[in-house]
Amino acid sequence: MLDLRLKAFGAAAAVFALDRFTKRIVETRISFVDTYRVIPGFFDIVHSQNRGVAFGLFNDGVSEWRTPLLLLFSLAAVAIVAVILWNADRLDRLSLAGFSLILGGAAGNVFDRLVWGRVTDFLELYVGDYHWPTFNIADSAIVIGSGLLLIELLRPKRQVANVP
């Protein structure tokens, strides 16, 4: 069981570290007016700040309660996922990977919100005039982790035969 916990929390820590590393590069080397075209017409690297939740929701809100409430809910989510991972022996492989990605991503964004009151986003996908809201590595990990959980949830389960 300890081995599974180490793997799960190690993967979450790796996601957190990669998220912080990439955000730090963007924060120190890319201005808010720079755009680096990676795949013209599809993918750019930019520098933006998000005071809201995922994909810029509530970014323009002016309530003084926005950041404290977002922090409270985010910290609660991190704690819940950490408890789930603590019981790693009860999880299948996809769920273990999914929760590890979610924990690392959520911790990365919680760290930003706790320290700076905002989250750095820098990955921008678009086709023509349609732009997906700018996101980061933590957001990607959370979405991929959620996808893995959804796959596991929808995957048909094997029936164990009761043999007398």
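Of note:
- Qualifying residue in segment 120-143 (condition: over 21 Å from Tyr36 (Cβ atoms) and in contact with a Leu (Cβ under 8 Å, 6 or more places away or on another chain)): yes
- Scan segment 114-128 for residues that are open to solvent by 50 Å² or more (accessible area, probe 1.4 Å), of a type in the set (Val, Ile, Thr) and assigned to a strand (DSSP E or B) and the total you get is 1.
- Looking only at residues in segment 10-36 that are β-branched (Val, Ile, Thr) and either closer than 26 Å to Phe99 by Cβ or assigned to a loop (DSSP other than H, G, I, E, B) (or both), the one that is most open to solvent (accessible area, probe 1.4 Å) is Val33.
- Of the set (1) at pLDDT 95 or above; (2) closer than 15 Å to Gln49 by Cα; (3) within 14 Å of the chain's Cα centre (by Cα), all apply to Glu124 but (3).
- In the condition set (1) surrounded by fewer than 16 Cβ atoms within 10 Å (Cβ to Cβ); (2) closer than 18 Å to Leu70 by Cβ; (3) of a type in the set (A, V, I, L, M, F, W, C); (4) touching a helix residue (DSSP H, G or I) at 6+ places or on another chain (Cβ under 9 Å), Ile151 is compliant with all but (2).
- Any chance Asp89 is surrounded by fewer than 17 Cβ atoms within 10 Å (Cβ to Cβ), within 18 Å of Ala12 (Cβ to Cβ) and in contact (Cβ under 8 Å) with a residue 12 or more places away in the chain: yes
The values are calculated or read from the model by the stated rules, or taken from the named source; none is laboratory data. Predicted model only: the values in this text are computed from it and were never measured. Virtual Cβ from ideal backbone geometry, glycine too; neighbours counted across all protein chains shown. To get the accessible areas, we keep the full protein, side chains included, count just its heavy atoms, and leave off ligands, DNA and RNA. Shrake-Rupley method; radii C 1.70, N 1.55, O 1.52, S 1.80 Å.
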